[in-house]
Each structure stands twice: as structure tokens, then as C-alpha cells.
Amino acid sequence: MDKKAAKILMSTFWGGGGWKSVSTPFSGEDFEYAKSQGVMFDPLTITHDEIVQRLHEIHQDDTLQERVVTAFLHSLSTKKVHLRSALSSWALTSQLPLHTYLERRAVHANTSACGDCNFLRLQSDQEYVDADLNVLNFERIKWGGVRHGWLLYCLMDLELLYKDTDAISEVTPEDQAILVSLLEAAQTGDPKDSARSLEKRWKGLFPSSKQERDALLEIWAAAGLLVPTDKPRRGKGGSGDFIFVATWQGDDGYNTDAALRYFAPYLPEIL
């Protein structure tokens, strides 16, 4: 990723006091430079059905999953957090059938009136008019994403991964060691432990901020690595800080099948 372009994007939305007020659409020399580097974008008008079609085409690439996994692992020691959320974007959309928005309406719409998106907990609209991808990419680069369940975010995330030379990297022994430590920390066995407890257990295991660890928890949950089991829930409705990992608790641990599906070549034989 071009460092100058990334700095332009970051300074557009974030300053010493946190979030900045911005006016869209963006323009100017800096914006044009960041846009030329594929880091900032013009407003996007697109339909749900077009997004689903593009995602379907992306998933025809048999090398995509391995690229997503190696990019994720490479991010652990390098702190390239923008490479992480492709794991959840891939997982959330890999089972998405080719469909139209009105084909199957959701009976109980939680995230979308589209039944297929709603079933997979994807937030989608029938049409997007002048949608701003810049704030989504800012969140991706700053923390590893925030709106992981947005269909539009998943498309942007996976398309950017294809273009990012940082994503073509070897997984180092340090990355593998961090992965093992994160998985081991998730096996607390204590039903009183919440997602917030796990975030604190992860502190110090790899270079990260609290916000980046929060994003990683959501990514792992959306990817099926941290999921509630049939054990009784100790909390009342889960944590308001999270969406996908809100009701996870310590005795759920991590999903072994999912861990092996993604990371088997990078894990010791006995974990």
C-alpha cells in the first residue's frame, strides 16, 4: 500500500482529537493522488444484485482462501491490520448463493430484508447511491475494519486484497507462534469469561491496540472461529461492544474445525 496515499486517507478522517467532520464528495490534489493509488474512491452507486454477482465471480478463484489466510497471518507480527478482515469477508460471503434482493424475502429481518443475506447475518440494501467507500477503507486500515457484516464492505475488502502486494507474503514462524498463542488464550474453559475478557487476555500476545483486538475478535467470530456452543449462556444478551462475538463465553473456546480449515498447515500437530 502506498504510504502517502494511506496517510492522506487517515488524515481525512482522523486527527489529534479523533474523528474529523468531513464533507463529501472528496476532491483536490491529495484525493486524486490517493485515488490513483487505489486507497480512496469516488462515490459508488451499485445494486445489491451487482455486489452479489461480483462476489460470486471473486469466489470462483480457487486460490482466494489461501491468499486470505496468508494475508491474515502475515498481519499478526507486522501490524498490517488492513489485511485481517478479508478472513471474515471471505467466510461471510463464501456460502452466499447467487441471488437477487427480492428473490427470498426475510421472514424476520434482522440485518436485511433479503432472506439470503439476513440468514448469513449480512447487512445489505437493495441499492447503494453515492456510497462512501473511503470511510470503510479508513476503518479497515486504522483498526482492521468495523462494519465487517456489511455486504458492501465485504466486496471492497476482498477486491482490495487482490490488488494489495502486501497480501502476497510468506507466513513467518513468529506469525505462527502468535496464532497458537491466540488460540490457546481462547480456551479459557471459564463460562464467566466474555469477549472483553478474551480481549484482555490477548493483550501482550501480539502488537495491537484495544480497538485492533476488538476488531480481531469480531473477525474471528464472523469467520466461525469464536462461536457460541449449546452451553448455557451466563450473560444477559451479550456485550454491547460487539456484534458477532457478543454472546461468546470462555467455555465455548475456539471452533477446532474452523481453525483446522483455515490454519491447518500453520499449526502444530497437537494444539
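The values are calculated or read from the model by the stated rules, or taken from the named source; none is laboratory data. Source: prediction; values computed, not measured. Neighbour counts run over all protein chains shown; Cβ positions are idealised from the backbone, glycine included.
Which residues, counting only those in region 194-236, are over 19 Å from the mean Cα position of the chain (by Cα), outside any helix (DSSP H, G or I) and either in the same structural domain as GLN65 (by TED's automatic domain parsing) or in contact (Cβ under 8 Å) with a residue 40 or more places away in the chain (or both)?
Result: SER194, LYS231, PRO232, ARG234, GLY235.
Say we look at region 121-138 and pick out the residues that are of a type outside the set (A, V, I, L, M, F, W, C) and closer than 18 Å to SER11 by Cα; which of these is nearest to the chain's Cα centre (by Cα)?
Filtering region 121-138 for residues that are of a type outside the set (A, V, I, L, M, F, W, C) and closer than 18 Å to SER11 by Cα, the one nearest to the chain's Cα centre (by Cα) comes out as ASN137.
Out of curiosity, is ASP62 under 30 Å from GLU170 (Cα atoms) and of a type in the set (Asp, Glu)?
So ASP62 fits the description; yes.
Hey, could you check region 139-193 for residues that are among the acidic types (Asp, Glu) and either at pLDDT below 95 or assigned to a loop (DSSP other than H, G, I, E, B) (or both) and say which is farthest from the chain's Cα centre (by Cα)? Walk me through it before giving the result.
Taking region 139-193 first, the residues among the acidic types (Asp, Glu) are 139, 157, 159, 164, 166, 170, 174-175, 184, 190, 193.
In the following step, the residues that additionally are either at pLDDT below 95 or assigned to a loop (DSSP other than H, G, I, E, B) (or both) were identified as 164, 166, 170, 190, 193.
Numbers: ASP164: 16, ASP166: 17, GLU170: 21, ASP190: 26, ASP193: 23 Å.
My answer is ASP190.
Taking the options LEU271, LEU260, LEU226, name whichever one is aliphatic (A, V, I, L, M), at pLDDT below 95 and under 19 Å from LEU76 (Cβ atoms).
Result of the check over LEU271, LEU260, LEU226: LEU271.
Among the residues of region 12-30, is any under 13 Å from ILE141 (Cα atoms), under 21 Å from the mean Cα position of the chain (by Cα) and not in a loop (DSSP other than H, G, I, E, B)?
Within region 12-30, one or more residues are under 13 Å from ILE141 (Cα atoms), under 21 Å from the mean Cα position of the chain (by Cα) and not in a loop (DSSP other than H, G, I, E, B).
List the number of the failed condition for ALA5; all other conditions in (1) buried (at least 17 other Cβ atoms within 10 Å of the Cβ); (2) over 26 Å from TRP90 (Cα atoms); (3) free of Cβ contacts under 8 Å to residues at least 60 places away in the same chain hold.
So the condition that ALA5 fails would be (2).
Under the condition of being more than 18 Å from ALA258 (Cβ to Cβ) and of a type in the set (A, V, I, L, M), which residue from region 47-94 is surrounded by the fewest Cβ atoms within 10 Å (Cβ to Cβ)?
Applying the filter and picking the extreme gives ILE58.
Could you run through region 76-133 and say how many residues are among the polar types (S, T, N, Q), in contact with a Leu (Cβ under 8 Å, 6 or more places away or on another chain) and modelled with pLDDT of 95 or more?
From region 76-133, those among the polar types (S, T, N, Q) are 77-78, 85, 88-89, 93-95, 100, 110-112, 118, 123-124, 126; that's our starting set.
Right, trim to in contact with a Leu (Cβ under 8 Å, 6 or more places away or on another chain) and you get 89, 93, 95, 111-112, 123-124, 126.
Pick out the ones that are also modelled with pLDDT of 95 or more and you get 89, 93, 112, 123-124, 126.
Going through region 76-133 one residue at a time, the tally reaches 6.
Any residue at all in region 137-145 that's aliphatic (A, V, I, L, M) and more than 17 Å from ALA34 (Cα to Cα)?
Within region 137-145, none of the residues are aliphatic (A, V, I, L, M) and more than 17 Å from ALA34 (Cα to Cα).
Answer yes or no as to whether PHE26 is farther than 16 Å from MET156 by Cα and either surrounded by 13 or more Cβ atoms within 10 Å (Cβ to Cβ) or of a type in the set (Ser, Thr, Tyr) (or both).
Considered against the rule, which asks whether it is farther than 16 Å from MET156 by Cα and either surrounded by 13 or more Cβ atoms within 10 Å (Cβ to Cβ) or of a type in the set (Ser, Thr, Tyr) (or both), PHE26 comes out as yes.
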